[in-house]
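This report concerns only the one structure given below.
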Amino acid sequence: MAMNYLYPEYEAARNYDRCITCRACERQCANGAHEYVEEADKMVCDDSKCVNCHRCVALCPTRALKIVKSGNTYKENTNWSGKIINELYRQAESGGVLLSGMGNPENFPVYFDKILINASQVTNPSIDPLREPMETKVSLGAKPRDIERDENGRIINNLPPQLSLSMPVMFSAMSYGSISYNAHESLARAAESLGILYNTGEGGLHEDFYKYGKNTVVQVASGRFGVHPEYLNSGMAIEIKIGQGAKPGIGGHLPGAKIVGDISRTRMIPEGSDAISPAPHHDIYSIEDLRQLVFSLKEATNYEKPVIVKIAAVHNVAVIASGIARSGADIIAIDGFRGGTGAAPTRIRDNVGIPIELALASTDKRLRDEGIRDNVSIVVGGSIRSSADIVKAVALGADCVYIATGALLALGCHLCRSCHSGLCNWGIATQVPELVKRLNPDMGYKRLVNLMTAWRHEIKEMMGGMGINSIESLKGNRLMLRGVGLNEKELAILGIRHAGE
Amino acid sequence: MGCHLCEYYCAFAGTDGSDMARALKGIKINPRIKIEEKDGISFAVSCRHCREPLCVKGCITGALTVADGVITIDRDRCVSCYTCVLSCPYGAVSPSDDGAVQKCELCVKTAEGTPACVRGCPNNAIVFEERECAE
Ligand code: SF4
Ligand code: SF4
Ligand code: SF4
Ligand code: SF4
Ligand code: SF4
């Protein structure tokens, strides 16, 4: 290229006083940014190749490396920001749709950060979670409305199938293919050891992972990859994926290059063929159609497993959820606009969908108003970042949350947002064997267990502070929340009062 | 995963410095653990601390000895005949930079307790464990 409009966004800054030319950075950067120059006995870096994943930074044994934002700037312009100019140049060069990975990074309000949690003082006692029992267990599924009795007056067990979780968290759908075997194994083993569930995503289930069935949600998406009766019966629940927060309204595309070996077998498609998930399910054009799929899946699994319907948080989410709650589904999963993805068109990721906090609050309210809240449990995802976010989500009406990006961070992800390149230096979003082995599942699953254990402690601390000893009594308890810096409309949708009120 | 950091932690453990950058700056290292790579597979080669060590058997001066299952070298006795270098089936003994030979001594003389390569490996690929050898 004779001329390049784009100056690297980041630079790998090397402290030559500390670099011992061990070349670990060179060996570990799959993007080939670092290079050893023999004549000079010196490391150099081609910053244009760097995606800022911090792999080299983390491994450099002498802390000689750091990544800095390159100082190169255009003339300041609030309207035409450097980012917008760069993206425009990139498209003028390539003629292509911009792609990116992970969730929406743009400057939209994060409502969780504008909500504060209550605590007890004087008039009602707080509880010490270390001394008193504290319940974080939740059970997901439809709850029967009426008590039924047999002719002798004994209560008939009319409870539909439920999912029992030790804490209100599940790992959300990430397909085998979009993430690596070792990442899947880490999630499955962590779910098993924590007593929660992970989700296969739409790529089917690798035969090695059937043994984690008691901790698995199997997903059925529009591509129907890897779906067969044994698969449907292998998990504890079935999730119908209608939409995903990062890219509402569009399907998925796993390039043929990634459909190799085990992945092709698991997805049940030929090696090298592109795995294209259509945007809609072509057999679902109405709630009635959805109902048919829900019941065919229930039929296939002998009515033993709850069915989850997952949708992206879009403008009419509450109405759609109301339809789903009447479709026979047991659980609704809503994915907010900050939810992550392996690859999405950048414009869609950054401009489509609505914040999960608002979607959750309005859905919960609508279902309660219509008297059908007990028909379903609500699971929300789309950037749950901490135990505080979980507590706030539960108080806004969620039964449970879905976590994906947070889980990947625990596995080493540094949010470089280049998952779509397939060269994840942390062995997560890649199928290159040399990269996959960088994620040791023995270490990965422990880090996930550590994270969730820590969050569970924090949830108990916060509940104790509010004087609540069971997560069930926190659910929908909006009095425990106050907003700061929110306008009347936002407060009304969230159903909470302003701080000081 | 082929990062070769174990080699550098090994070399660092052989110095008495406290800062790796200062200790290894400008030095071409000659570690006692070496990564062999072929076809995307990497393997860390270091002394297996054999139950019937050919190196000890072959050593002409008695410089190599077994103590508590660890095979160590007495540098004062070593005359650099390299019999051990030739006799080790794993290639785990090598000439050092300053006379005598060198081999992995499980860091009994240097780092505290756990071998430096084991502590330094970012992926827990090297572990330190006693094994009943199947001979
Ligand atoms: S990893 Fe660090 S010390 Fe090693 S070559 Fe790279 S910058 Fe230098
Ligand atoms: S891409 Fe990652 S490993 Fe490569 S130079 Fe950049 S931060 Fe380092
Ligand atoms: S999964 Fe890997 S490629 Fe994707 S953002 Fe995280 S570190 Fe980057
Ligand atoms: S054994 Fe560990 S430290 Fe040595 S090259 Fe392999 S991964 Fe790196
Ligand atoms: S140096 Fe070689 S022969 Fe001697 S104990 Fe080690 S592996 Fe065995």
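The values are calculated or read from the model by the stated rules, or taken from the named source; none is laboratory data. Bear in mind the structure is a predicted one, so any value in this text is a computation, not a measurement. Don't worry about glycine lacking a Cβ; one is built from the backbone with ideal geometry, like all the others, and counts go over all protein chains shown. Ligands, DNA and RNA are excluded from the accessible area calculation, which covers all protein heavy atoms including side chains. Shrake-Rupley method; radii C 1.70, N 1.55, O 1.52, S 1.80 Å.
Things worth noting here:
- With a Förster radius of 22 Å applied to the C-beta separation of residue B:131 and residue B:87, the computed FRET efficiency comes to 0.50.
- Rounded to the nearest 20 debye, the dipole size of the protein assembly as shown about its Cα centre is 720 debye, using +1 on the Cβ of Lys and Arg and -1 on the Cβ of Asp and Glu.
- Of the solvent-accessible surface of region A:10-96, computed with a 1.4 Å probe over protein heavy atoms with every protein chain present, carbon and sulfur atoms account for 47 percent.
- Three semi-axes of the equivalent ellipsoid, region A:10-96, Cα gyration tensor, whole Å, largest first: 30, 14, 11
- Stretched out straight at 0.36 nm per residue, the stretch from residue A:49 to residue A:139 would grow longer than its current Cα-Cα span by 27.7 nm.
- Among the chymotrypsin sites (Phe, Trp or Tyr not before Pro) in region A:80-172, those located in a DSSP loop and surrounded by at most 16 other Cβ atoms within 10 Å of their own Cβ are A:80.
- Straight-distance candidates among the lysines for linking to residue A:305, with alpha-carbon spacing under 27 Å and chain neighbours fewer than 8 residues away dropped: A:137, A:143, A:211, A:214, A:241, A:365, A:475.
- Database remark: amide H of residue A:13 closer than 5 angstrom to the amide H of A:66, A:67, A:68 (H placed geometrically; neighbours at sequence offset of 5 or more, or on other chains; Pro and chain starts carry no H).
- The distance from the alpha carbon centre of region A:419-478 to that of region A:155-181 is 15 Å, rounded to a whole number.
- Positive-end residue, the protein assembly as shown charge dipole about Cα centroid, Cβ charges, pick of B:90, A:463, A:99: A:463
- Mean separation of Cα contacts under 8 Å (6+ apart) over length of region B:49-103, as relative contact order %: 31 percent
- Full-stretch length increase - residue A:91, residue A:446 - with 0.36 nm per residue and alpha-carbon distance subtracted: 123.6 nm
- Positions from region B:13-51 whose accessible area shrinks by 40 Å² or more when the full protein complex is built, not the chain alone, probe 1.4 Å: B:20, B:21, B:25, B:40
- Rounded to the nearest Hz, the phi-derived 3J(HN,Hα) couplings of region B:70-78 under the Karplus curve 6.51 cos²θ - 1.76 cosθ + 1.60 (θ = phi - 60°) are 9, 9, 10, 10, 9, 5, 5, 8, 5, where x marks glycine and proline.
- Each label was represented as a point 7 Å from its Cα along the Cα-to-Cβ direction; for residue A:131 and residue B:51 these points are 5.7 nm apart.
- Applying 1/(1 + (r/R0)^6) with R0 = 56 Å to the Cβ-Cβ distance of residue B:68 and residue A:13 gives a FRET efficiency near 0.75.
- Principal axes of the protein assembly as shown: Cα extent on each, largest first, Å: 94, 72, 62
- Residues residue A:152 and residue A:274, FRET efficiency given R0 of 51 Å [Cβ-Cβ distance, rounded to 0.05]: 0.25
- Vicinal HN-Hα couplings computed from phi for region A:348-354 (Karplus, 6.51 cos²θ - 1.76 cosθ + 1.60; Hz; Gly/Pro x): 6, 4, 8, 10, 10, x, 9
- With θ taken as phi - 60° and the Karplus curve 6.51 cos²θ - 1.76 cosθ + 1.60 applied, the whole-hertz 3J(HN,Hα) list for region A:197-210 is 10, 10, 10, 5, x, 8, x, x, 10, 5, 4, 5, 9, 4 Hz, x standing for glycine and proline.
- Amide hydrogen neighbours beyond the local backbone of residue A:477, cut-off 5 Å, H modeled: A:397
- Other-chain or far-sequence residues with amide H under 5 Å of residue A:333's (modelled H): A:309, A:310, A:311, A:379
- Neighbour-limited loop hits for trypsin sites (Lys or Arg not before Pro), region A:32-116 (at most 10 other Cβ within 10 Å; DSSP other than H, G, I, E, B): A:75
- Spin-label model distance (nm) - residue B:15 vs residue A:122, 7 Å beyond Cα toward Cβ: 6.4 nm
- Centre separation in Å (Cα based) which lies between region A:301-349 and region A:14-77: 41 Å
- Shape class of region A:235-329 from the Cα gyration tensor (axes a ≥ b ≥ c, square roots of the eigenvalues): oblate, since a/c reaches 1.5 or more and a/b does not exceed b/c.
- Dividing the summed -39500 (n - 2.57) terms of all DSSP H runs of n ≥ 4 by the residue count of chain A sets its mean residue ellipticity at 222 nm at -8500 deg cm²/dmol.
- Low-density loop cleavage sites - chymotrypsin sites (Phe, Trp or Tyr not before Pro) in region A:1-75, where at most 14 other Cβ are within 10 Å (DSSP): A:5, A:16, A:74
- Association of chains A and B removes close to 1600 square angstrom of accessible area from solvent, both sides included, for a probe radius of 1.4 Å.
- Selection among A:376, A:316, A:391 by position relative to the dipole of region A:263-396 gives A:391 as farthest towards the positive end (Cβ unit charges, Cα centre).
- Part-to-part distance (alpha-carbon centres) for region A:248-287 and region B:1-69, which is given in Å: 48 Å
- Across region B:49-103, Cα-Cα distances exceeding 16 Å account for 29% of all pairs.
- Heavy-atom accessible area, 1.4 Å probe, ligands and nucleic acids excluded: residues of region A:20-35 down by at least 30 Å² from chain alone: A:20, A:22, A:27, A:28
- Average accessible surface area per residue within the protein assembly as shown, 1.4 Å rolling probe, Å²: 48 Å²
- Computed over chain B, the per-residue total of -39500 (n - 2.57) for DSSP H runs of n ≥ 4 gives a 222 nm mean residue ellipticity of -4500 deg cm²/dmol, rounded to 500.
- Sulfur and carbon atoms: percent of accessible area, region B:49-103 [1.4 Å]: 52 percent
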